[in-house]
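First the structure, in the form of structure tokens, and then the observations on it.
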Amino acid sequence: MTDLIRSIYNIFRWVGKFLSSVRVFTLNIAFLALFFFIVLAIINRSSGKEEQVAESGALLLSLSGDIVEEKQSSDPITILINEQLGFNNLPTETLFQDILDAIGAAADDSNVKSILLDLSNMGSIGLNQLQAIGKALTEFKRSGKKVIAAEDFYEQKAYYLASFADEIYLNPMGAVDLHGIGTYRLYFKDAIDKLKINYNIFRVGTFKSALEPVMRNSMSTAAKSQNMSWLSALWKNISSDIIRERKLSKNSISSYTENIDQMLISAGGDTAELALQAGLVDGLKTRAELREYLTQINGRNEEGGFKHIPFNNYLGSIPRSYSEAPDSEGSIGIIIAQGAILTGEQPVGFIGGDSLANLVRKAREDNDIDGLVIRIVSGGGSVFASEIIRQEILEFKKSGKPLVISMGAVAASGGYWIAADADEIWASPVTLTGSIGIFAAIPTFENSLSELGIYNDGVGTTSLAAALDITRPLSPLLKKAININLRHGYDQFLDIVSKGRSIDSLEMRTVAEGRVFDGKKALQLGLVDKLGTLEDAIQSAAARAHLENYNASYIRRPLSVKEEFLQILSRSMVTTLISANIPPATLETFARLLQPVKEILLFNDPKGLYAHCLINDISI
């Protein structure tokens, strides 16, 4: 019996050793394969800078995914999961500066015969970015080369950019969507009441509407008034640009949007014919007709199509406007501050109080950096994090180096908090800024729990012993304390802007209260100093630093080992994704539902105070 047991034990031990050996062997093979991919990716990454584009023809300017100031790290695991779930056509990212650099280089490149705009997969993009790309296309056309736009269907933002082309073509089954712009939100008050959540709201600023979705079932009159003001200014810019570029009559766009039904009747119900009659496009071409036309202009390639240079290939062969390292002869540092403002260290796509402060300190301590430009694209967030960044900005100014702010599509609330003390602020005419106000929101769930028969009770040594217990009502003492602190924070915000912008304190109150302004109005009010691009801000910083010859270089947060690993792995192993054909409207609606929830869940101000606005939710 003992021998039998020993024999069985030896069998299981042998099987265990065998399986263990197989597991170790498999893991080693997997590791070696992974190591090979990483090395290959690094080699490709380094050699890619020397890549030469042998092709000639049309530069296929593919604006794929969201147009961003700085790319987030790619997570291949998430991409693969999205692929399996069919979400792989969610927006990727294209660098805004890459687009400008490619257009600028193409103008003097004999290999580039024309530019063909590929706008079918363009994701979110700021109006300021659209205008800057349009301006770059206008400069390109002065080289005598054509810009051509050709799509099956033009979304509004795509058509706006297409209007800068020499020629616009549309599929005979297509349409041009021009519908105006608006800001619409979901409101949850009844849902919150039904769930018996007690939302304790604290805010300063009549026009501070960030919390209205949990306070109301509709937009307030004050919010509608101020929103309509900047929406009208932005729409005037859009329609005026289209009318100018397409040489249309003054009322053509308003007629198209307000009388679409009557105009469609006159076009026999044909949306493509309507676009042609309205002068929005130059011709209707099937895909086959378009290919033949492009072949006539650019020549025929070996595959039988028109000669063209893919956008990503072209990027590998051109110099970039801004380097990754400063020049000892003179350098202006560029820091990208993009996303919601949160405390601590944060990855690309968010502004971390510690992350950004560390970059500003790095610029101050680097003797090769002679001046600094911070590019802000943010609707704000944590007051504490905003102040940590501002404190570091004040330390930077003590160094005597100039600091200039360049505002992107939006730089409001906390985004303006960190901008106010700069030596100079630049914005685009369509930048949304201001929103000088502050709020706090604390939900408690005592009523929700009581519906389930769950109650909280006990004793404490002080009135604040259970102050932050969300299963109990907020104590009256804590409510008073929060209101006092909130008022102090608002007064602090006003004081920061008043001193930083040299605006009288009484006058400040007339431009505060959470109001949002477009760039032109902000210039009139003194909230910004000049209107222009990132390049304009860099030139201004160089002039302030008395530099004639200089380079501009990015100052970035170093990637962690994990982020670098994932980024390399993503480039080497996940190159293409299969289209899932999910309707864009479905994805857009899903993203709208998730975005505010995601930001709220990430908010981590230690005092629960926020300078944040939701003006990033407009759809161009």
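Once backbone amide H atoms are built at 1.01 Å from N, residue 62 has 118, 311 as its partners under 5 Å, excluding neighbours fewer than 5 places away on the same chain. The residues packed around residue 526, meaning those with a beta-carbon under 9 Å from its beta-carbon, carry a net charge of -1 if Lys and Arg are +1 and Asp and Glu are -1. My understanding is that a pair violates if its Cα-Cα distance is over 24 Å; which of 499/520; 71/236; 71/530; 224/521; 499/530 do that in this structure? Check vs 24 Å cut-off fails for 71/236; 71/530.
Cα centroids of the range 249-270 and the range 110-146: 27 Å apart. The distance between label points at residue 449 and residue 277 comes to 6.6 nm (points 7 Å beyond Cα on the Cα→Cβ vector).
The loop-placed chymotrypsin sites (Phe, Trp or Tyr not before Pro) in the range 163-197, going by DSSP, that have at most 12 neighbouring Cβ atoms within 10 Å of their Cβ come out as 184. Placing a label point 7 Å from the Cα of residue 173 along the Cα-to-Cβ direction, none of the residues of the range 232-265 has a backbone N under 11 Å of that point. Distance between the C-alpha centres of the range 310-344 and the range 480-529: 32 Å, rounded to the whole angstrom.
List the trypsin sites (Lys or Arg not before Pro) within the range 135-173 that DSSP assigns to loop and that have no more than 10 neighbouring Cβ atoms inside 10 Å.
Sites meeting the loop and neighbour criteria: 142.
Take the Cβ-Cβ distance between residue 320 and residue 292 as r, set R0 to 51 Å, and report the resulting FRET efficiency rounded to the nearest 0.05.
Details: r = 35 Å, r/R0 = 0.70.
Between residue 320 and residue 292 the formula returns 0.90.
Taking amide H atoms as placed 1.01 Å from N in the peptide plane, the amide H of residue 70 has no partner under 5 Å among residues 5 or more positions away or on other chains.
Taken together, the values in this text are just the output of simple stated rules run on the coordinates, not laboratory data. Everything quoted here is computed from the prediction, not taken from an experiment. Counting neighbours? That spans all protein chains shown, and the Cβs are built from the backbone with ideal geometry, glycine included.
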